[in-house]
Amino acid sequence: ISQLGCGSRHTVVLCQGGLICFGADDFGQLGRPSGSQQLIYSDESGGSVELPSFASVPALPRGQPQHEVTAEELRSRGAGSGEATARRISCGPLHSAAVSAEGHLHIWGLQLLSSQDEPPTLVAGSGVRQVAGFGNQRPVVALACGAHFVVVSAEVEHARKTDAEVGLRRPRLGPSWSTVGPVVEEAWRPRNLPPKDEQELLHHQNLVRELERSAQRRIEREQREDEKRRAREEQREKRLQEHTDIWLRQLLPSFVPGSRPSRRMERLWRQGLPPRVREVLWPTAIGNVLRITPELFEICKQQALDARRAQSEAASSNVLVTLMDPPRGHGKEHSTECIPFDLPRTFPTLAFFCEGGPLHEDCARILEAYTFFRPDIGYVQGMSFLAAVLLLYLPPYQAFVGLCNLLNTPSVLGLYRMIPQTVQCRAQVFQKLCAMQMPAVASCIEEAGLTPEMFLIEWFMTIYSKCLQIDVASVVWDLFLLDGEVVLYC
């Protein structure tokens, strides 16, 4: 999606040169001609997808008309005439406008009146209408929609005027579509004011041309950046698909769990695993030393659910709990009270783990089950990031198995138990390695009065999933599962 526009009751999406409208269609906001039900969207790459009934795909006609193209004329042309590619869109409350790659202007929705003396009325339009006067010779470079109007900026070349023509006054013109255009040869003034002199007129014309050139340069720069971004994404998707095919067809069928990966597999592993491959290799790489079964997972979840119900009943019955009351359970089961506060702060930009998110309940149940599985540790801040990363690639049961076994490794267990010797040892190793490999960074840390314990604990406890973007953090996890704790210092 490269651009999005919203009206009062409809939305227009520009995606790879194609348009998709959805919402209300009481005034023709969806750009759907009468009797048309076009529910198949096709983009520039040839892909297609079926759309719901409340969506439509407006068709922008090609060519330069001598008048506005109506829906009946568009249907009479047939599919063989082709459709134009959209490059910019804008939405008003009950209408929309789009600019094609050839610079043509297309509008649909509310029938905009061309007479200035008539008040605007709510009259529905029929399909997409192409506005005459714009195109290759006069391409539209920018547009904006108001309540009952459309403002466009077009690139034109002016003929050189004689000295006698400079002083002529333009007649008053109404805002008809055939005369819409931001570039005028001389500024219009009220009739009670004298016309501009030649010097002021030329100055204002130069200002307008400079604004147009600036807008055109900005649009061209945005187009170049968009093309580069698309090229990078296509290259990344192509590489990802190639690696996925290699893993699924060549490497995984011959891989024996528990054995050392081959050189080719290790080389591709270090480049980052595709998401579909992580679903297979992560559980194998983490292992299940604790022998956790689905029945044990259900038992721990039920214990957490019973504890939550008991707590809710105690709160609803207004039972006074004092500090002298013995805590229920045998460990830190009460630490589950912190989970609802930590989940919304777990990858907040993804919104998967916020309340109402698709993975919120699964992540909460996994963390609660682990708390009752290991009451001696309980829930500690940072575990939500580990569970969240696992849930992004694995189903709940496998994510629970991975979390329990991952937290059982010496690299992570000592940190979550808050053992001072473990934290201090890792801080000293990091400090020495940083001084050897990056002395300038070590000097900055020392001059700022920082100690590794201030930031290293958070990095290691979450395996960098909190401080890095999720795609980068996933690659760190790939390397961590391949080489172990040494990756955390790299």
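The values are calculated or read from the model by the stated rules, or taken from the named source; none is laboratory data. Model, not experiment: these values are computed from the prediction. Using ideal geometry, Cβ is built from the backbone for each residue, glycine included, and neighbour counts are taken over all protein chains shown. When the accessible area is computed, the model is the full protein with side chains, heavy atoms only, and any ligands, DNA or RNA have been set aside. Shrake-Rupley method; radii C 1.70, N 1.55, O 1.52, S 1.80 Å.
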Neighbour-limited loop hits for GluC sites (Glu not before Pro), segment 236-294 (at most 14 other Cβ within 10 Å; DSSP other than H, G, I, E, B): none
Ranking by accessible area, most exposed first, for 255, 385 with a 1.4 Å probe: 255, 385
Where labels lie 7 Å past Cα in the beta-carbon direction, separation of residue 467 and residue 421 in nm: 2.6
Estimated inter-spin distance, residue 376 and residue 6, nm [label 7 Å along Cα→Cβ]: 5.3
Candidate residues 102, 227, 155: accessible-area rank, largest first, probe 1.4 Å: 227, 155, 102
Whole-percent pair-distance distribution, where bins are 5 Å wide, for the alpha carbons of segment 432-490: 4, 17, 23, 22, 20, 11, 3, 0
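Given the Cα-Cα distance of residue 53 and residue 289 and 0.36 nm per residue of separation, how much length would full extension add, in nm?
In short, 79.8 nm is gained.
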Anchor residue 301: lysines whose Cα lies under 21 Å away (excluding residues fewer than 8 positions away in-chain): 332
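Fully extended, how many nm does the chain gain between residue 271 and residue 428 (0.36 nm per residue separation, minus their Cα-Cα distance)?
53.6 nm
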Under 23 Å from residue 238, Cα to Cα: lysines that are on another chain or at least 8 residues apart: 228
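I need to check one value: relative contact order of segment 426-490, counting alpha carbon pairs closer than 8 Å and at least 6 residues apart, in percent.
It rounds to 23 percent for segment 426-490.
Computed FRET efficiency, Cβ-Cβ of residue 355 and residue 210, R0 45 Å: what is it to the nearest 0.05?
Numbers: r = 51 Å, r/R0 = 1.14.
For R0 = 45 Å, the calculated efficiency reads 0.30.
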Cα gyration tensor shape of segment 332-403, rounded if a/c is under 1.5, else prolate or oblate by comparing a/b with b/c: oblate
Residues whose placed amide H lies under 5 Å from that of residue 95, excluding near-sequence neighbours: 110
Gain on full stretching of the segment that runs from residue 228 to residue 298 - 0.36 nm per residue minus C-alpha separation: 20.3 nm
5 angstrom amide H check on residue 62, placed H, neighbours 5+ away: 84
Distance in nm between pseudo-label sites at residue 483 and residue 409 (7 Å out along the Cβ direction from Cα): 1.3
